[in-house]
1. Among the residues of segment 146-169, is there at least one that is within 22 Å of Phe103 (Cβ to Cβ), outside any helix (DSSP H, G or I) and either touching a helix residue (DSSP H, G or I) at 6+ places or on another chain (Cβ under 7 Å) or aliphatic (A, V, I, L, M) (or both)?
2. So which of Ser215, Ser246 ends up being under 15 Å from the mean Cα position of the chain (by Cα) and hydroxyl-bearing (Ser, Thr, Tyr)?
3. Checking the structure you have, find out if any residue of segment 186-204 is touching a Cys at 6+ places or on another chain (Cβ under 6 Å), open to solvent by 40 Å² or more (accessible area, probe 1.4 Å) and at pLDDT below 95.
4. Of all residues in segment 120-145, how many are among the aromatic types (Phe, Trp, Tyr) and assigned to a helix (DSSP H, G or I)?
5. Hey, can you tell me all the residues within segment 151-174 that are more than 19 Å from Asp93 (Cα to Cα) and open to solvent by 50 Å² or more (accessible area, probe 1.4 Å)?
6. Out of the residues in segment 66-113 meeting the condition of being under 24 Å from Glu170 (Cβ atoms) and among the hydroxyl-bearing types (Ser, Thr, Tyr), tell me which one is surrounded by the fewest Cβ atoms within 10 Å (Cβ to Cβ).
7. Consider only pairs whose beta carbons are under 8 Å apart and that are at least six residues apart or on different chains; among these, list those whose first residue lies in segment 210-223 and is farther than 30 Å from Ala309 by Cα and whose second residue is among the aliphatic types (A, V, I, L, M) and open to solvent by 30 Å² or more (accessible area, probe 1.4 Å).
8. With the condition kept exactly as written, say whether any residue in segment 267-286 is modelled with pLDDT of 95 or more, out of contact with any Lys or Arg (no Cβ under 7 Å at 6 or more places or on another chain) and farther than 30 Å from Arg352 by Cα.
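The values are calculated or read from the model by the stated rules, or taken from the named source; none is laboratory data. Values in this document were obtained by computation on a predicted structure and should not be read as measured data. Here Cβ is always computed from backbone atoms with ideal geometry, including for glycine, and neighbour counts include all displayed protein chains. Only protein heavy atoms, including side chains, enter the accessible area calculation; ligands, DNA and RNA are left aside. Shrake-Rupley method; radii C 1.70, N 1.55, O 1.52, S 1.80 Å.
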Amino acid sequence: MPARLSDAFKSHPLNLQLKHPDFSSLQELPDSYAWSQNDDQYPSSPGSFGAEQDSVPVIDLSDPNALKLTGHACRTWGVFQVTNHGIPSKLLDDIESAGRSLFSLPVQQKLKAARSPDGISGYGFARISSFFQKLMWSEGFTIVGSPLDHFRQLWPQDYNKFCNIIEEYEKVMKRLAGRLMWLMLGSLGISMEDVKWAGPKGDFRDASAALQLNSYPACPDPDRAMGLAAHTDSTLLTILYQNNTSGLQVLREGTGWVTVPPLPGALVVNVGDLIHILSNGLYPSVLHRAVVNRSRHRLSIAYLYGPPASVQISPLSKLLGPSQPPLYRPITWNEYLGTKAKHFNKALSSVRLCAPLNALVDVSDHNSVKVG
C-alpha cells in the first residue's frame, strides 16, 4: 500500500497520448472537443437548470448558527459557500495571479513540468479524461508537496516568488479546512474523542492535501464543449476559490444543474466522498462540473483536503446502531484514490457494504441520479 499521497496512482498510470493544444489559437471547436448528449453521463434536460430561488447556501462563518447552517447545507446540498473565512483577500489575489501566470506560459514551457503517467503533481489533462471519448476544454496543474522542482522549470528566474505564494496559501487553507471539518463533524454530534486521527489538539495536523489549479479558456462554441465533466471529489472536503467568471455547476436531485455564482471574497466548499463515508451517507458528496464561456477565461484553485495517508476512513461509530449499520468498508485515502482511478463515479458504490435499510436509492450511487 503506498504510504504517500504522491504514490496513489503508481498502479493506475494515465497513458493519454494526447497533444496539448494552444487554446488561444483555436478559432473553432475541434471535433475531439465537441460533446454530444451521448458523451455526457449527466446531460442537461430542457428546463433542468435550478430556479433562481434554488441557490447554494452561503454561510457567514462568524454567524453563531454556523454549525447548524453547515449541517443543513451538507445534508441537503453537499456544497455551500463561506464568507468571513479569514483568508486575506490579497492572498486570494496572489494565488489567482500565480495561476494566470502559469497558464499563460507557452505550451512547450508548461510541458517542461508535465505530470508523469503514474504521478500526481504537474501540468496536464484532468485524470478523469480517460473515462470519456471527448476531451475537456481545460488545463490543470496539480501540486502535492513542494512545487519547487516544477516551478524551476516554469519560471527559472521567478520560481521563489511563486513557491512562497503556494506555501502561504496551503498553510492558511489547512487551518480553514480543519475549522470546516469540525463544523461538519460537530453538526453530526461528533467530538474530538470520536476522531483519533484529528490529533491530540484536534487540529488535523497530519492531514494530507493537494492543490489543483484549473484553467478554462474562452471557448468558440461553449454550448458544445465541457470544461470538466461531472464528478465527485475523492476528498474529505474541497475548498474552491473561483475568479469572477461563472462556470461551476452542482447537480441537485429534483432540480437539475444549479450554477454556483462567484461571490466576491467567498469560497466554495464541496462535501467529498470521504465525508460521505465518515457520515455513513448522511452528508452526500456533491456531483459537480465546470462549463465554459465564449468570451471570458475562468480560473479556479481547489484545495483538496484528506486524512493522513495511512488512516482508515470508515463510518463513525457514534452514527451507527442496530438500524444504522455501516454502509461502507474502511479504506485509506490512497486506496480510495486508486479505486476512483479505476471505477470513477462508481467508486463509492464499489466500497459499499450494504444497501440502506430504508430501501431508498443510496445517494452515493450518482449513476442513479436522474436530471429532469
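1. Residues of segment 146-169 that are within 22 Å of Phe103 (Cβ to Cβ), as a first pass: 146-169.
Now drop any that are not outside any helix (DSSP H, G or I), which leaves 146-147, 155-158.
With either touching a helix residue (DSSP H, G or I) at 6+ places or on another chain (Cβ under 7 Å) or aliphatic (A, V, I, L, M) (or both) added as a condition, the list becomes 147, 155.
Looking for residues that are within 22 Å of Phe103 (Cβ to Cβ), outside any helix (DSSP H, G or I) and either touching a helix residue (DSSP H, G or I) at 6+ places or on another chain (Cβ under 7 Å) or aliphatic (A, V, I, L, M) (or both), one finds at least one in segment 146-169, hence yes.
2. On the way: Ser246 fails: under 15 Å from the mean Cα position of the chain (by Cα).
None of the others qualify; the one that does is Ser215.
3. So in segment 186-204, the residues touching a Cys at 6+ places or on another chain (Cβ under 6 Å) come out as none.
No, there is no match, as no residue in segment 186-204 is touching a Cys at 6+ places or on another chain (Cβ under 6 Å), open to solvent by 40 Å² or more (accessible area, probe 1.4 Å) and at pLDDT below 95.
4. Keep residues of segment 120-145 that are among the aromatic types (Phe, Trp, Tyr), which gives 123, 125, 131-132, 137, 141.
In the following step, the residues that additionally are assigned to a helix (DSSP H, G or I) were identified as 131.
Residues meeting the conditions: 1.
5. Correct list: Arg152, Gln153, Pro156, Gln157.
6. It comes out as Ser89.
7. Pairs that qualify, where the first residue is farther than 30 Å from Ala309 by Cα and the partner is among the aliphatic types (A, V, I, L, M) and open to solvent by 30 Å² or more (accessible area, probe 1.4 Å), are Pro220/Leu26; Pro222/Val291.
8. Yes, the conditions are met somewhere in segment 267-286.
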